[in-house]
1. What spacing in nm lies between the two simple spin-label points modelled at Ala197 and Leu6, each 7 Å away from Cα in the Cβ direction?
2. Give me the extension gain from Asn183 to Lys127: residue separation times 0.36 nm, minus the current Cα-Cα distance, reported in nm with one decimal.
3. Determine, for His188, His215, the number of other Cβ atoms within 10 Å of each Cβ, and report the residues in order from fewest to most.
4. Report the Stokes-Einstein translational diffusion coefficient (µm² s⁻¹, integer) for the chain, Rh taken as the Kirkwood radius over Cα pairs, at 37 °C with viscosity 0.692 mPa s.
5. Which GluC sites (Glu not before Pro) in the stretch 1-52 pass both tests, a DSSP loop state and at most 16 other beta-carbon atoms within 10 Å?
6. Based only on other Cβ atoms within 10 Å, what is the fewest-to-most ordering of Cys90, Cys76?
7. Percent relative contact order of the chain, based on C-alpha pairs within less than 8 angstrom and at least six residues apart?
8. If the cut-off is a Cα-Cα distance under 21 Å, which lysines reach Lys164, setting aside same-chain residues fewer than 8 apart in sequence?
Amino acid sequence: MKAGMLLGDPAGGSFSVFVTRDGGEHWTRPKQVGLEADGAKEAIFAASNSTLIAFTDLQFDFFVTGGTGGAQYFLCRDEFDMGIPEQLRCIPTERPIPVGRSSESSGAFSLATSGDTYIAVGGDYTKPDDSAQTAAYSLNEIWHAAQTPPHGYRSAVVYEPTRKIWITVGPNGTDISTDDGKNWRALHPDPARHQAADADRNWNALSLPFVVGPHGRIGKLDEVALKH
């Protein structure tokens, strides 16, 4: 499939969404239903490049938001294949995601999925050491705050299917979950294996096995560390 989607902050009273069906040669902004948004209250945080999950057929796509309006979760459907040309219908869930504190600098920064499980992480990027409301998990679109959250603001989360582990990163560290986001534990560098003291910190985005941070910083996941 050559379908794709672009997502941006609200402009002109709605979230900015464009779609392509030819591998990116042409982009259109379809008629959008349910994407109305107040740019003063709602925002898309882009640092992780993972606030949007767009499946290859664009039939069901998901994205998360933040800002003073709180963290929200949107389910979208491209209705092109239903005989409705160039129309994208999106529905915000009735229950906000319990991530962040409804401020300009907080909300959901990253979304990942495996099967019917969805994980959202975030918090307040101006308070990187604040662990409150930094992760939530969902089954059947009902969101629950993590019982043991990551130990700080987190900007990206992914699922590692081989070991069935969720991994999340942020400025002050890295955490993993083995129970689908209910509980998280810190992953620390191992001096005995000559790992740098800051190997777990200062990361923005994940694309396994790689992780990236500010100023061109790039790392690679240490698979041995995940076994401990």
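1. Inter-label distance under the simple model: 4.4 nm.
2. Numbers: separation 56, 0.36 × 56 = 20.16 nm, distance 2.09 nm.
Additional length available on full extension: 18.1 nm.
3. On the way: His188 15, His215 5.
Sorted ascending by nearby Cβ count, the order is His215, His188.
4. Details: Rh = 18.0 Å.
Reported coefficient: 183 µm²/s.
5. Of the GluC sites (Glu not before Pro), the ones in loops of the stretch 1-52 whose Cβ has at most 16 other Cβ atoms within 10 Å are Glu25.
6. Values: Cys90 19, Cys76 26.
Fewest to most other Cβ atoms nearby, the residues stand as Cys90, Cys76.
7. On the way: 631 pairs, mean separation 26.7, N = 228.
It rounds to 12 percent for the chain.
8. Lys182, Lys220, Lys227
Every number here is computed from the coordinates shown, using simple stated rules; none is lab data. Just so it is clear, the structure is predicted and the values come from calculations on it, not from any experiment. Positions of Cβ are backbone-derived with ideal geometry, glycine not excepted, and every protein chain shown enters the neighbour counts.
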